[in-house]
Amino acid sequence: MTQLITGENLKRTVEQAVKDVKATDIHTHLYAPIFGDILLWGFNELVTYHYLIAETMRWVDIAYDEYWQMTKVEQADLIWQTLFLENSPYSEACRGVLTTLQRLGFDVASRDIEGYRQYFDNKQLDEYVDEVFELANLECVVMTNDPFDPEERGIWLEKVKEGGQELDSRFRAALRLDMLLCSWEKSWHQLKEWGFDVTPDLNRRTVGEVQRFLRDWIQIMNPVYMAVSLPYDFILPEKSARSELIERCIIPVSREMNVPFALMVGVKRQLNPGLKDAGDGVGKMNIASLDYLCSRYPHNKFLVTLLARENQHELAVLARKFRNLMPFGCWWFLNNPSLIQEITSMRLELLGNSVILQHSDARVLDQLIYKWDHSRRIIAEILVRKYQDLVATGWVLTEDAIRRDVEKLMGGNLWSFLERKL
């Protein structure tokens, strides 16, 4: 093993290690090609991402309903005109579009919107998936899979379970449980229709049937984890169906099947309903609920990401105390360079290598390109500073050690935490 020197050699080695590593993207809203049109991709989808919709609506004087009545092409044209031509596009969402186009080989200075569209119109999806994964340098991504969504449910049952079709191995499932946990007054009716012997009261039989539902879908999906997105005012324990379902159904099945429970907490749903998906906000959660889960269920594993910046230090400190808690990524409104810098630096300082640094939260396939391009640059900058601090103490670094660390931080820690092989 060769000792590394300080200065540019150290900087180049770290940057190359971060660039070379094939990352695991632990949380996206993408789908394998088998799901067809549910997988969003292409120029119009990229430009009409809900971040860009909300940003555009700060400038244009039209009713929200008028926007939603436009075709996708008309919406993209409006956003492009407003954010890219009439203003300098330096918001992270705008910059992301330009980074993606640049990495795909376009001259973004040309502003040739029709040329961009034509490129995607002539692309085959399977070929494009390969191109995106190569440009983002990803091993695999974890989807968001909702068994209560009729279209998605049909594909799982008809193509995967009964048809025996296999998913592209680069797309891993996550069993999403928002409907079950946050809308029990509706979801129990749906479970009843599907043949589960449930009632609105969470008696022993209903609990057993909900557990059976979870086991069935774990068998169908083979998910990396079960997950739920929760509002900022989430409290556990409390007297509610959600609390009971978590403690009596999710927790025991999670432990039994060795499928961790991922909690994504901090949303203020539909702060502005007129914006639809673009109308959600953020709130600070009471982190005592996570204290309760980690201490009461020490043999369960919890993956956690929180939406409020104000919660990040508490989460990192909590993870120091409970090894069954794995913080991951900079979620949603935190996925911006200045905040990624701050949060990632703090986590490395408090937790060393025992975190999962980033995920993309991508809703459009193309976003994988820019989200990982931008994140890798920031991660490399932070790690260079950390290794320089080590070298300043007289610590000897090797290229092998640096690559080992980077592999853990960019995905390896997930598979170790799961006790599963990639």
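Values for this structure:
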{"quantity": "Where the Cα pairs of the range 43-122 fall when distances are cut into 10 Å bins, in %", "calculated": "17, 56, 24, 3"}
{"quantity": "Under Karplus coefficients 6.51, -1.76 and 1.60, residue-wise ³J(HN,Hα) of the range 120-128 in Hz, glycine/proline x", "calculated": "6, 4, 8, 8, 8, 4, 4, 5, 6"}
{"quantity": "Stretch gain in nm, segment ASP168-GLU185, where the contour uses 0.36 nm per residue and the Cα spacing is subtracted", "calculated": "2.6 nm"}
{"quantity": "Residue pairs, from the table LYS72/LYS186; LYS284/LYS408; LYS72/LYS276, whose Cα atoms sit over 21 Å apart", "calculated": "LYS72/LYS186; LYS284/LYS408"}
{"quantity": "Local electrostatic count at PRO231 - Lys and Arg +1, Asp and Glu -1, tallied over other residues with Cβ under 9 Å", "calculated": "+1"}
{"quantity": "Simple spin-label estimate for ASN353 and GLU114 in nanometres, 7 Å along Cα-Cβ", "calculated": "5.4"}
{"quantity": "Shape of the range 134-246, Cα gyration tensor, a/c cut at 1.5", "calculated": "oblate"}
{"quantity": "Positive minus negative residues near ASP146 (Lys, Arg vs Asp, Glu; Cβ under 12 Å)", "calculated": "-2"}
{"quantity": "Listed residues LEU101, VAL60, MET70: farthest to the positive end of the dipole of the range 43-122 (Cβ charges)", "calculated": "LEU101"}
{"quantity": "When the convex hull of its Cα atoms is projected in every direction, mean area for the range 313-422 (nm²)", "calculated": "7.9"}
{"quantity": "The range 43-122, relative contact order [Cα under 8 Å, separation at least 6], %", "calculated": "37"}
{"quantity": "Positive-end extreme of charge dipole, the chain - chosen from VAL132, THR393, ASN122 (charges on Cβ)", "calculated": "THR393"}
{"quantity": "Segment ARG309-ASP107, extension gain: residue separation times 0.36 nm, minus the distance between their alpha carbons", "calculated": "69.2 nm"}
{"quantity": "Span from the the range 306-345 Cα centroid across to the the range 240-282 one, whole angstrom", "calculated": "17"}
{"quantity": "The range 147-201: GluC sites (Glu not before Pro) in DSSP coil with no more than 14 other Cβ atoms inside 10 Å", "calculated": "GLU166"}
{"quantity": "15 Å beta-carbon shell around LEU271, net charge (K/R +1, D/E -1)", "calculated": "+2"}
{"quantity": "Highest-MSF residue in the chain out of VAL391, VAL129, VAL265 [GNM, Cα springs under 10 Å]", "calculated": "VAL391"}
{"quantity": "Among SER91, SER360, SER243: highest mean-square fluctuation, GNM of the chain, C-alpha pairs under 10 Å", "calculated": "SER91"}
{"quantity": "As computed over the range 174-327, the Cα convex hull volume per residue (Å³)", "calculated": "117"}
{"quantity": "Cα-Cα P(r), the range 220-309, percent of pairs per 5 Å interval", "calculated": "3, 13, 21, 24, 17, 12, 7, 2, 0"}
{"quantity": "Straight-distance crosslink candidates among aspartates and glutamates, where the alpha carbon sits under 20 Å from LYS239 and sequence neighbours closer than 8 are dropped", "calculated": "ASP178, GLU185, ASP201, GLU247, ASP291"}
{"quantity": "Relative contact order (%) - criterion: Cα under 8 Å, at least six apart; region: the chain", "calculated": "24"}
{"quantity": "Charge dipole (debye, nearest 20) of the chain; +1 at Cβ of Lys and Arg, -1 at Cβ of Asp and Glu", "calculated": "1740"}
{"quantity": "Fluctuation leader among MET346, MET285, MET226 - the chain, Gaussian network, Cα springs under 10 angstrom", "calculated": "MET346"}
{"quantity": "Estimated inter-spin distance, GLN81 and ASP130, nm [label 7 Å along Cα→Cβ]", "calculated": "3.9"}
{"quantity": "ASN203 versus LEU98: modelled label distance in nm, points set 7 Å from Cα along the beta carbon direction", "calculated": "6.3"}
{"quantity": "Selection of GluC sites (Glu not before Pro), the range 209-264, meeting DSSP coil and at most 15 other Cβ within 10 Å", "calculated": "GLU238"}
{"quantity": "Globularity index of the chain, i.e. its alpha-carbon radius of gyration over 2.2 N^0.38 Å", "calculated": "1.01"}
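Each value in this text was obtained by applying a stated rule to the coordinates, not by laboratory testing. Not measured: the values here are computed from a predicted model. Counting neighbours? That spans all protein chains shown, and the Cβs are built from the backbone with ideal geometry, glycine included.
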